[in-house]
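Peer 1: Dropping a structure here in structure tokens format, bear with me for questions.
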Amino acid sequence: MTASIVLDRVTKTYGGAPAVDDVSLEIGAGRFVTLLGPSGSGKTTLLMMIAGFVRPTAGRILADGRDITAEPPERRAFGMVFQGYALFPNMTVAENLAFPLTLRGRSKAAIAQDVARMLDIVHLSGLGGRYPRELSGGQQQRVALARALIFNPRVLLLDESLSALDKNLRAGLQEELRDLHARLGTTFVFVTHDQEEALSMSDEIFIVNKGRIVQSGSPKALYDRPRTRFVAGFLGRTNFVDGTVTARDGETLVYSAGGLSFRQRARDDAPAVAVGQPVLIGLRPETLRLGEAAGGAANSVPGTIDLVTYEGADYHVRATTPLGPLQAIVASGNGTPVPARGDRLTLAWGEDAAVVLADDR
Ligand SMILES: Nc1ncnc2c1ncn2[C@@H]1O[C@H](COP(=O)(O)OP(=O)(O)OP(=O)(O)O)[C@@H](O)[C@H]1O
Ligand SMILES: [Mg+2]
């Protein structure tokens with residue numbers, strides 16, 4: 001069982017200040033979508049309105065096409081997992097899981113069967129008799145997840161559900177969540193401020209800033225084609241280059257920055273910039289090629305490495321260039337010479353490698 005969710009021009013104000021500002025979005029049935037944004041951007045408020053705990057000041061919320069704006073949370077019957085687990089401390093794991101079913105008046109035998117099935121799904125079989133305080137953080141989080149899923153909700157809402165966990169536990173639970181999603185087909189609405197988590201988990205990401213959805217799309221579309229400085233900077237690392245357009249050559253912009261000239265293909269969806277106007281370019285570190293010569297790339301700058309950070313799978317390198325500091329990534333362990341502080345080299349990129357951004361700063 002699964003449901004689609006639509007928000008139609010939803011606003012929530014607190015004392016005149018909008019926490020959520022005229023948001024419209026569609027979440028397809030069975031999708032795994034993520035609301036990603038900085039602290040205070042309105043993610044929890046959006047989730048609480050979908051759950052029914054917060055009533056919108058304006059706008060409508062639909063589930064499978066039906067207006068549920070005025071419906072109380074218990075009628076919506078969406079599963080919810082909050083950050084602080086919120087398990088009942090005086091109930092065992094099995095009793096915690098049974099609780100939503102008891103509320104729904106299910107028989108003892110049916111409840112026992114569902115509790116056992118759910119414990120198995122979250123890999124906690126055998127721990128039903130323990131109390132929450134006798135479990136690790138990750139185990140508690142899995143109980144909270146199982147409790148939210150046990151009544152087969154049409155929609156599962158998760159608010160920063162993995163944030164409190166250490167990196168390995170978190171990676172394990174991320175996998176389990178995606179697995180669960182694939183098996184159950186329930187609509188998942190996941191809130192996080194962790195960009196890597198959003199990229200790796202979601203079918204679709206909605207980027208939230210100051211109460212608004214500023215861009216949405218598949219993780220890859222958002223990463224490859226951010227439209228604004230905010231999105232490019234929030235989702236992954238980006239070098240920003242401020243230039244001035246000097247000419248237009250068909251689809252290609254010619255711009256100057258740091259006393260040098262560069263070429264950049266402007267796509268149809270790029271903001272229009274006229275000759276003589278400032279242009280903002282976003283250049284991902286992994287698209288920069290480091291070497292002695294430019295190697296035929298359309299764009300290159302000379303640089304001197306001033307910082308090398310080892311990150312296991314690769315090195316993050318910062319170089320001083322006429323464009324200011326540029327970050328680049330060099331894979332480690334594939335025979336590439338390891339860059340060192342003080343090395344002089346050329347940083348090069350193609351005219352398709354970067355994106356033209358709207359400056360929303
Ligand atoms: N009950 C409330 N009363 C007044 N203001 C509120 C209330 N709830 C949220 N806000 C305000 O609305 C804005 C959005 O809050 P919200 O909790 O939705 O942000 P968030 O994106 O979930 O942030 P975080 O990542 O820190 O959890 C904030 O400015 C917050 O202070
Ligand atoms: Mg929040």
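Peer 1: Given the options Thr11, Thr34, Thr2, name the one that is over 24 Å from Gly79 (Cβ atoms), more than 10 Å from ligand 1 (Cβ to nearest atom) and hydroxyl-bearing (Ser, Thr, Tyr).
Peer 2: The unique qualifying residue is Thr11.
Peer 1: If you take the residues of the range 205-229 that are in contact with a Leu (Cβ under 8 Å, 6 or more places away or on another chain), closer than 18 Å to Ser41 by Cβ and without any contact (Cβ under 8 Å) to a residue 24 or more places away in the chain, which of them is surrounded by the most Cβ atoms within 10 Å (Cβ to Cβ)?
Peer 2: For the range 205-229, the residue satisfying everything is Leu222.
Peer 1: Answer yes if at least one residue in the range 79-95 is surrounded by fewer than 19 Cβ atoms within 10 Å (Cβ to Cβ), over 17 Å from Leu145 (Cα atoms) and more than 16 Å from ligand 2 (Cβ to nearest atom), and no otherwise.
Peer 2: Scanning the range 79-95 turns up at least one residue that is surrounded by fewer than 19 Cβ atoms within 10 Å (Cβ to Cβ), over 17 Å from Leu145 (Cα atoms) and more than 16 Å from ligand 2 (Cβ to nearest atom).
Peer 1: Among the numbered criteria (1) farther than 23 Å from Ser202 by Cβ; (2) touching a strand residue (DSSP E or B) at 6+ places or on another chain (Cβ under 6 Å), which one does Asp114 miss?
Peer 2: It is condition (2) that Asp114 fails.
Peer 1: Next question, about the same structure. If you check Gly40, Gly28, Gly16, which single one turns out to be within 26 Å of Gln174 (Cβ to Cβ), surrounded by fewer than 19 Cβ atoms within 10 Å (Cβ to Cβ) and within 12 Å of ligand 1 (Cβ to nearest atom)?
Peer 2: Exactly one residue qualifies, and that residue is Gly40.
Peer 1: Mind listing just one residue for me: the one in the range 152-205 that is touching a Pro at 6+ places or on another chain (Cβ under 8 Å) and of a type in the set (Val, Ile, Thr) and, of those, farthest from Asp120 (Cα to Cα)?
Peer 2: The residue in question is Ile205.
Peer 1: Could you please find all residues in the range 320-337 being over 31 Å from the mean Cα position of the chain (by Cα) and in contact (Cβ under 8 Å) with a residue 24 or more places away in the chain?
Peer 2: Selection gives Thr321, Pro322.
Peer 1: Could you pull out the residue among Thr320, Thr304 that is among the β-branched types (Val, Ile, Thr), within 25 Å of Phe230 (Cα to Cα), touching a strand residue (DSSP E or B) at 6+ places or on another chain (Cβ under 7 Å) and surrounded by fewer than 19 Cβ atoms within 10 Å (Cβ to Cβ)?
Peer 2: Thr320
Peer 1: Filter the range 171-182 down to the residues that are touching a residue at least 12 places away in the same chain (Cβ under 8 Å) and not aliphatic (A, V, I, L, M), then identify the one that is farthest from Leu47 (Cα to Cα).
Peer 2: Gly172
Peer 1: Separate question: Check whether at least one residue in the range 252-264 is closer than 30 Å to Leu36 by Cα and out of contact with any strand residue (DSSP E or B) (no Cβ under 9 Å at 6 or more places or on another chain), and report yes or no.
Peer 2: no
Peer 1: Could you look through the range 244-261, keep only residues that are of a type outside the set (Ser, Thr, Tyr) and free of Cβ contacts under 8 Å to residues at least 60 places away in the same chain, and pick out the one that is surrounded by the fewest Cβ atoms within 10 Å (Cβ to Cβ)?
Peer 2: Of everything passing the filter in the range 244-261, Gly250 is surrounded by the fewest Cβ atoms within 10 Å (Cβ to Cβ).
Peer 1: Could you list, in sequence order, all residues of the range 52-69 that are within 20 Å of Leu158 (Cα to Cα), of a type in the set (A, V, I, L, M), within 16 Å of ligand 1 (Cβ to nearest atom) and surrounded by fewer than 19 Cβ atoms within 10 Å (Cβ to Cβ)?
Peer 2: Val54
Peer 1: Among the residues of the range 87-95, are any more than 28 Å from Gln139 (Cβ to Cβ) and of a type in the set (Asp, Glu)?
Peer 2: no
Peer 1: Could you check the range 325-351 and list, in sequence order, the residues that are exposed (fewer than 14 other Cβ atoms within 10 Å of the Cβ) and not hydroxyl-bearing (Ser, Thr, Tyr)?
Peer 2: Residues satisfying the conditions are Pro325, Ala331, Gly333, Asn334, Gly335, Pro337, Val338, Ala340, Arg341, Gly342, Arg344.
Peer 1: Just to confirm my filter: which helices (runs of 4 or more DSSP H) fall fully inside the range 73-162 and include at least 1 residues that are within 16 Å of ligand 1 (Cβ to nearest atom) and modelled with pLDDT under 90?
Peer 2: Counting at least 1 such residues, we get no helices (runs of 4 or more DSSP H) at all.
Peer 1: Residues Asp179, Asp203, Asp166, Asp194: which one is of a type in the set (Asp, Glu), within 16 Å of ligand 1 (Cβ to nearest atom) and out of contact with any His (no Cβ under 8 Å at 6 or more places or on another chain)?
Peer 2: Exactly one of Asp179, Asp203, Asp166, Asp194 is of a type in the set (Asp, Glu), within 16 Å of ligand 1 (Cβ to nearest atom) and out of contact with any His (no Cβ under 8 Å at 6 or more places or on another chain), namely Asp194.
Peer 1: Considering only residues that are under 26 Å from the mean Cα position of the chain (by Cα) and under 20 Å from Phe78 (Cβ atoms), which ones fall in the range 98-149?
Peer 2: Matches in the range 98-149: Ile121, Val122, Gln141, Arg142, Val143, Ala144, Leu145, Ala146, Arg147, Ala148, Leu149.
Peer 1: Can you name the strands (runs of 3 or more DSSP E) wholly within the range 7-72 that have at least 2 residues being within 16 Å of ligand 2 (Cβ to nearest atom) and closer than 18 Å to Phe190 by Cβ?
Peer 2: Hits in the range 7-72: 17-27, 32-36.
The values are calculated or read from the model by the stated rules, or taken from the named source; none is laboratory data. This is a predicted model, so every value here is computed, not measured. Neighbour counts run over all protein chains shown; Cβ positions are idealised from the backbone, glycine included.
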